[in-house]
Every structure is written in C-alpha cells, then in structure tokens.
Amino acid sequence: MNPLYIIIGIVVLLVLWAVFAYNRFITLVNRAKEAWSDIDVQLKRRYDLIPNLVKTVKGYAAHERTAFEKVTQARAAAMGAGNLAQKSQAELGLTGALKSLFAIAEAYPDLKANQNFAELQRELSDTENKIQASRRFYNGNVRDLNTAVDTFPNNLIAGFFKFVKLEFFELEAGEEAAKQPVKVSF
C-alpha cells in the first residue's frame with residue numbers, strides 16, 4: 001500500500017467528519033431557534049390574554065388600581081425584555097403580578113362566577129402549561145447544543161466556526177414561590 005493513499009484516506013475521513021460535525025451544529029442551532037419560537041408564540045398569547053383579564057377584573061374591583069398597574073407594567077416589561085436573562089426576570093415579575101390579580105379575584109364571588117372570567121382563567125392556565133412544555137423543549141435543545149459545543153472533538157469545529165453555547169430559559173434560583181405555576185382555578 002502506498003503511504004500517499006493512506007494520507008489521502010485520512011484527510012478524506014477528517015473532512016467528512018468536519019462536514020458531519022458542522023451540519024450537526026447547524027441542526028442543533030436551528031432546533032434551539034425553533035424551540036424558542038414556540039416559547040415566544042405562547043408568551044405573546046399570554047400577553048394578549050392579560051388585558052382582557054385585567055378589564056374583566058376591573059369591572060368588579062375598580063378600587064384595586066395598584067394591582068392593575070403592576071400587571072400592566074409587568075406585561076410591558078416582559079414584552080420589552082431584550083435578552084434571555086431579562087426575559088426570565090420579566091416573566092417572573094409578570095407571574096407575581098398575575099398571582100396578585102387572582103388573589104384579588106378571590107374576594108369577589110360574583111367575579112369568580114363570571115363566564116368571561118372563567119374562560120380567561122382556562123385560557124391562561126392552558127397557556128401557562130404550554131409555556132412550561134415549550135420551555136422544557138427549548139432547554140432540552142439548548143442542552144444538546146451546549147453538550148456538543150463542550151465535548152471533544154466537536155469543540156474544535158464549534159470553536160473554528162464560532163458556535164457558542166446558548167442560555168437556558170429558567171426562573172432564577174432562590175425564587176421558590178415564583179417557580180410555582182399561576183393558579184387560575186377557584
């Protein structure tokens with residue numbers, strides 16, 4: 001066997017491995033982007049439900065102005081959050097503000113019996129569940145990408161083509177109360 005054929009064979013194998021690794025990174029990045037878009041769709045749905053919910057509760061508890069303002073401000077902050085860390089923090093604030101809104105609703109039996117309010121509760125609860133599922137899907141894809149970026153020899157390709165690790169979409173540690181889902185049933 002000619003040593004030249006051996007060297008050519010090794011080079012071809014290395015090139016094929018590099019192409020395979022690069023394509024795998026592209027796939028992982030695209031999956032993470034798709035998973036984030038799923039979260040984004042559900043967050044937008046949540047943002048769209050909140051004004052209707054506030055309007056419904058306002059009709060029964062108009063004197064609870066500060067709670068309404070907090071929900072409105074938290075919604076605006078969440079919608080305007082830039083990076084993932086800011087988005088996480090803003091979503092925590094919005095969840096807390098919604099909890100206070102539902103606490104107000106507890107004091108008004110007529111509101112709890114209102115069909116529109118009940119439907120909004122159901123939709124918001126469904127949206128919260130979808131956000132949680134989408135977040136798990138996104139974090140799983142980010143985990144796979146981050147593992148590929150960190151492991152040898154894939155880290156050589158990742159470094160060369162500037163693939164970077166992504167952030168997980170998580171609630172901050174230490175905020176145990178905020179990690180509980182929004183309770184929307186009475």
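Overview of values
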{"item": "Of K130/K165; K70/K165; K87/K162, those spanning more than 29 Å from alpha-carbon to alpha-carbon", "result": "K70/K165"}
{"item": "Phi to ³J(HN,Hα) by Karplus 6.51 cos²θ - 1.76 cosθ + 1.60 over the range 145-161, Hz, x for Gly, Pro", "result": "5, 4, 5, 5, 5, 7, 8, 8, x, 4, 5, 5, 5, 4, x, 5, 9"}
{"item": "Simple Cβ-charge dipole of the range 3-179, Lys/Arg +1 and Asp/Glu -1, about Cα centre, in debye nearest 20", "result": "300"}
{"item": "With Cα atoms, 0 to 90° folded angle of helix 3-60 axis to the chain main axis", "result": "0"}
{"item": "Relative contact order (percent, whole number), the chain, Cα cutoff 8 Å, 6+ residue spacing", "result": "31"}
{"item": "The chain: calculated mean residue ellipticity at 222 nm from DSSP helix runs of at least 4, using -39500 (n - 2.57)", "result": "-28000 deg cm²/dmol"}
{"item": "Dipole axis of the range 1-73 (+1 Lys, Arg; -1 Asp, Glu on Cβ), positive-most option in P51, A32, G9", "result": "P51"}
{"item": "Check: the range 1-83 dipole with +1 on Lys, Arg Cβ and -1 on Asp, Glu Cβ, in debye", "result": "300"}
{"item": "Local net charge near L53, Cβ-Cβ under 11 Å (Lys/Arg +1, Asp/Glu -1)", "result": "+1"}
{"item": "Rounded FRET efficiency, nearest 0.05, which uses the C-beta distance separating V41 from Q115 and R0 of 22 Å", "result": "0.25"}
{"item": "In degrees, nearest ten, helix 65-80 long axis to first principal axis of the chain (Cα)", "result": "20"}
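We did not get these values from a lab; they are worked out from the coordinates using the rules stated. Predicted model only: the values in this text are computed from it and were never measured. We place every Cβ from the backbone using ideal geometry, glycine too, and count neighbours over all the protein chains shown.
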